[in-house]
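Please treat every number below as a calculation from the coordinates, not as lab data. The shown structure was predicted, so the numbers you read here are calculated from the model rather than taken from an experiment. All Cβ positions, even for glycine, are placed from backbone atoms using ideal geometry, and neighbour counts span all protein chains on display.
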Amino acid sequence: MPAALAVRALAKRYGTVEALGGVDLDVTEGELVGLLGPNGAGKSTLVKIACGLVRASAGDAQIWGARAGTRPARRALGYLAELFRFPGWMTADELLLLHQRLSGSTGGERERTDLLELVALRDARSRRVEAMSKGMQQRLGIAQALVGTPRLLLLDEPTSALDPVGRRTVRTLLEELRARGISVLLNSHLLSEVELVCDRVVILLGGKVVAAGTPAELAQARGIELETDRGKRVVAGTREDVPGIVAEALRGGERVYGVRVLTSTLEEVYLEAVGEETT
């Protein structure tokens, strides 16, 4: 089975500016991948190429085996831009109906009801967009991206303007989409959110991938924190060294109350990868 999104040696130049310099990236079925990087790293260019809005200078991007920008590729993906604007006078139901017509979806009222229920807006189907909170509009945006049952979602900063409760709601929704087998490429600056919800992380800098892997794979060991009756201390080592460290403390007559493997956070990994670049 082809990947939901397969990017190979993808390059894009705008005159003398290299936005992408040979990027390889995969998003598999039901996988949630976080795309990180400072402004100008190439994240938006990659997403626009995947949507078919921008043509690559070299390389290839495919959506479920179809070349990006073709009709089969467009039908297989949903997209939510960071700075989306919906007509304020439209109701939630009218907005989804509009996008059904634009996408050629035949799901009808049943699809609209199911999508509003999925994003916890069923009771707000008759509410105008202008009367919705930012969190409700964000969830409605995800609902419109799901019109036509796409198998891949491209989401650009879906939680950046939300409060902690709103971010948790969207995070729970993303986990539900993953459970349904929908693949997601999440472009975000909120490292803590990416670390909580994403299966893998790809960090771009200067149009190139500088780090990729699961959050656990990217995390680097920073020692073992040992708590005994003599206090807390950090001992050099990794998870595999824990039994020996505890045994040595016990042989020395210490009472061991706790032990914790210290690893770097995604934020620390990100800052190390991008250096002094600003986001």
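So here's what we get for this one:
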{"quantity": "DSSP bridge orientation in region 101-256 - percent antiparallel, rounded to nearest 5", "calculated": "70"}
{"quantity": "Cross-link partners of Lys232 among aspartates and glutamates (Cα-Cα below 13 Å; sequence separation of 8 or more within a chain)", "calculated": "Glu254"}
{"quantity": "Between helix 164-179 and the chain: long-axis angle, C-alpha atoms, 0 to 90°, nearest 10", "calculated": "80"}
{"quantity": "Antiparallel bridge percentage (DSSP; both residues within the chain; nearest 5)", "calculated": "65"}
{"quantity": "Segments 235-244, 190-199, 52-61 sorted - mean Cβ within 10 Å per residue, highest first", "calculated": "190-199, 52-61, 235-244"}
{"quantity": "Ranking of Arg127, Arg251 by count of other Cβ atoms within 10 Å, fewest first", "calculated": "Arg251, Arg127"}
{"quantity": "Least to most buried among Met136, Met90 (fewest other Cβ within 10 Å first)", "calculated": "Met90, Met136"}
{"quantity": "Listed peptides 256-268, 66-78 by packing density, highest first (mean Cβ within 10 Å)", "calculated": "66-78, 256-268"}
{"quantity": "Straight-distance crosslink candidates among lysines, where the alpha carbon sits under 17 Å from Lys43 and sequence neighbours closer than 8 are dropped", "calculated": "Lys12, Lys208"}
{"quantity": "Footprinting exposure proxy for Lys43, Lys12 (fewest neighbouring C-beta atoms within 10 Å first)", "calculated": "Lys12, Lys43"}
{"quantity": "Length released on extending from Asp60 to Arg260, taking residue separation times 0.36 nm less the Cα-Cα span", "calculated": "67.6 nm"}
{"quantity": "Contact order normalised by residue count of region 135-210, Cα under 8 Å, 6+ apart, percent", "calculated": "31"}
